[in-house]
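Quick notes on the structure that follows.
The values are calculated or read from the model by the stated rules, or taken from the named source; none is laboratory data. None of these values were measured; they are calculated from a predicted model. Here the Cβ is made from the backbone with ideal geometry for all residues, glycine too, and neighbour counts use every protein chain on show. Heavy atoms of the whole protein, side chains included, go into the accessibility calculation; ligands, DNA and RNA do not. Shrake-Rupley method; radii C 1.70, N 1.55, O 1.52, S 1.80 Å.
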Amino acid sequence: MTDTHIPDRDASLAAIASLPLRTRLFIDGAFRDAKGGRRFTSENPATGQPIAEVAEGGPEDVDLAVAAARRAADDGRWSRLNPGDRKTLLIAWAERIDAHREELALIETIDSGKPIADTAGFDIAETARCIRWHAEAIDKLYGQVAPAPEGVVATITREPMGVVGAVIPWNYPALMAAWKMGPALATGNTMVIKPASYTALSLLRIAELATEAGVPDGVLNVVPGPGGSVGEALGRHPDVDCLAFTGSTDVGRRFLHYSADGNLKRVLLELGGKSPQIVFPDVTDLASVAANAAIAIFMNMGENCSAGSRLIVHRSKRAALLEALVAELANWPVGDPLDPSSRLGPLISRSQMDTVLDYVESGMGEGARVVTGGEQILRETGGYFVGPTILDGVRNDMRVAREEIFGPVLSVIEFDTEEEAVRIANDTPYGLGASVYTDDLHVAHRVARELRAGVVGVNAYAEGDQTTPFGGYKLSGFGGHDKSVHAHDQYTETKTTWITLRPRP
Ligand code: NAD
């Protein structure tokens, strides 16, 4: 793996003109225009300026892409490769992604507004790491022999499902795709992926790099376009065997309907969240809690499914923790995402910014107090910047505490007893992440067990890493988990082979 290098702003500005922006659909190993000839504009949310005209796919393009993926699934060019050979090709692809890390990071930054320190330091590096991790695992997994009766050999093996469709959000455009591509491709499936329209560019280039690395044509296809046409067409397609979705709970539900109305394809949903961070009265290092709590809510501008958006703090620590949090914000400069020192860039779009600001208003209307932030800043840039925002005096029944805001807005809620803290934390329709801050081992274990969430961090904000599954309880997920070997199960079918042995003559 190459060392992490964050390009400086001048180098990035100079490189933008020659970036390899791929703006057409990627089907069967080649770029092509949408059949309908339509294109849509992708803009830089830091400036509001257009950066590319991207081909807008439709259902007819989905048909073409699924047909290519079907051929590649059925003729065995990928599924019947030796696992070790699939591994070699996927690792070659991951290496290419690493080698193009700065270019891909820059594409991601101008398309999504994510700070270059994050895209170069994390998103693209982690995309390559994810693909490599699944590739390396795939020739080390064994099937099973069942304890069947004498005279029978019964094996239990996993087989690829066939064609996997994936529909991806805009908050981690490359990485969310990698969380699907890593396990789905390693286990021998072929794929058709629809990126979010705001952020199609990095994935189109990453797909091209797969072909350059030797991944056979038709194995990975990318069709940008609107959710209501391309996303729905994938969800309903009779030749798609499994649909993996990351996005909002409302859209996620639709995929269950699409499947139920049609071929009962397997549906895997990674959805929204309203994750609690509980701070118990025994904590001594409030600066450390503040630093972690800030990461939990302000990382990626709060556009994060597992953002720790509810800070549930013991009454005795509230004032001191607020003070520590405000001090911590000195470490969270907002600015041009091409500047390596920016930790917050713009929100993805004007409408997302308006939604976030509406939530702040609604919180104030219900009695919350803005400690800091809560308004658009850096207007002169033309971008959609909102500073880190802290709302104090929030009750858990307010909209800001119940609904996913998907922006840099932290709601501070007080509690008195451990039971009350757990009750407030679990009083949400979501169940993705949670954090517990305490120096008491007993409290940590007790509360971690009681929290209805897929990932619980103790004394830190945590999403785990590639070795651990990531997924949610309740309205935060359905059908499976991303990451780790657990993700392999969701992209494979289980086969029993029952072999009856003839008695010796
Ligand atoms: P979204 O649900 O609006 O869109 C996600 C994808 O679905 C996009 O590609 C979109 O074009 C497509 N889509 C929209 N309408 C569709 C339809 N009718 N049929 C089929 N596809 C359709 O979500 P978003 O705004 O892109 O992303 C933010 C959401 O994603 C948040 O709720 C966030 O919590 C969630 N998210 C979850 C995870 C996780 O792992 N649990 C990770 C990242 C983001």
With bins of 10 Å, the percent of all Cα-Cα pairs of the range 293-345 per bin from 0 is 23, 47, 25, 5, 0
Tilt of helix 59-74 relative to the longest C-alpha principal axis of the chain, in degrees (0 to 90, nearest 10)? 50 degrees
Cα-centre dipole for the chain with unit charges at Cβ (Lys and Arg positive, Asp and Glu negative), debye to 20: 1480 debye
So what's the range 364-505 giving for Cα Rg divided by 2.2 N^0.38 Å, two decimals? 1.54
Just add up the charged neighbours of R310: K/R +1, D/E -1, any other residue whose Cβ is under 13 Å from the Cβ of R310. -1
Approximate spin-label separation A320-I499, in nm, with each point projected 7 Å along Cα-to-Cβ: 6.7 nm
Diffing the range 159-168: the Karplus 3J(HN,Hα) column from phi (6.51, -1.76, 1.60, θ = phi - 60°), in whole Hz with x for Gly and Pro, holds 10, x, 6, x, 9, 9, x, 9, 10, 10
Starting from the 7 Å offset along Cα-to-Cβ, what nm value, one decimal, do you get for the label separation of T155 and E53? 5.5 nm
Restricted to the chain, the DSSP antiparallel beta bridge percent, nearest 5, is 45 percent
Using the C-alpha atoms of the range 73-120, what convex hull volume per residue, in cubic angstrom, is computed? 95 Å³
Spacing of the two label points (7 Å from each Cα toward its C-beta) at R9 and Q144, in nm: 5.7 nm
I need the per residue convex hull volume for the range 246-351, using only the alpha carbons, in cubic angstrom as a whole number. 155 Å³
Calculate the translational D of the range 1-105 in whole µm² s⁻¹ from Stokes-Einstein, where the hydrodynamic radius comes from the Kirkwood formula applied to all Cα pairs, the temperature is 37 °C and the viscosity 0.692 mPa s. 194 µm²/s
On Cα atoms only, tilt of 101-112 relative to the major axis of the chain in degrees: 60 degrees
Please go through the residue pairs K180/K474; K35/K194; K114/K474; K180/K265; K265/K483; K87/K180 and name each one whose alpha carbons sit more than 27 Å apart in this structure. K114/K474
Let's test this: bin the Cα-Cα distances of the range 297-417 at 5 Å from zero up to the farthest pair and state each bin's percent. 2, 12, 22, 25, 20, 11, 5, 2, 0, 0
Report the far tail of the P(r) of the range 210-285, meaning the percent of Cα-Cα pairs longer than 14 Å. 70 percent
Can you give the calculated 222 nm mean residue ellipticity of the chain, where each DSSP H run of n ≥ 4 adds -39,500 (n - 2.57) and the sum is split over every residue, rounded to the nearest 500 deg cm²/dmol? -11000 deg cm²/dmol
Just to confirm the number: angle between the C-alpha axis of helix 350-365 and the first principal axis of the chain, 0 to 90 degrees, nearest 10? 40 degrees
Mean Cβ-within-10 Å packing, highest first, puts peptides 366-372, 228-234 in the order 228-234, 366-372
May I ask which residue of F26, Q49, A15 lies farthest towards the positive end of the charge dipole of the range 1-72, with charges of +1 (Lys, Arg) and -1 (Asp, Glu) on Cβ and the Cα centre as origin? F26
Using the scaling law 2.2 N^0.38 Å as the reference, what is the normalised Cα Rg of the range 96-169? 1.78
How compact is the chain by the rule of thumb for globular proteins, expressed as Cα Rg over 2.2 N^0.38 Å? 1.00
For Cα pairs less than 8 Å apart in space and 6+ apart in sequence, what is the mean separation divided by the residue count of the range 358-505, i.e. the relative contact order in percent? 14 percent
In the chain, what percent of the accessible surface is made up of carbon and sulfur (1.4 Å probe, ligands and nucleic acids excluded)? 52 percent
The chain: relative contact order from alpha carbon pairs under 8 Å, six or more residues apart, as a whole percent, is 18 percent
Mean separation of Cα contacts under 8 Å, 6 or more apart, over the residue count of the range 135-294: relative contact order %: 19 percent
All-pairs Cα distance distribution in the range 442-505, expressed in whole percent, bin size 10 Å: 17, 33, 22, 11, 9, 6, 1
With viscosity set to 1.002 mPa s and temperature to 20 °C, compute the Stokes-Einstein D of the range 34-187, Rh being the Kirkwood radius across alpha carbon pairs; µm²/s, no decimals. 118 µm²/s
Kindly report the accessible area of the chain per residue (heavy atoms of protein chains, probe 1.4 Å, no ligands, DNA or RNA), in Å². 39 Å²
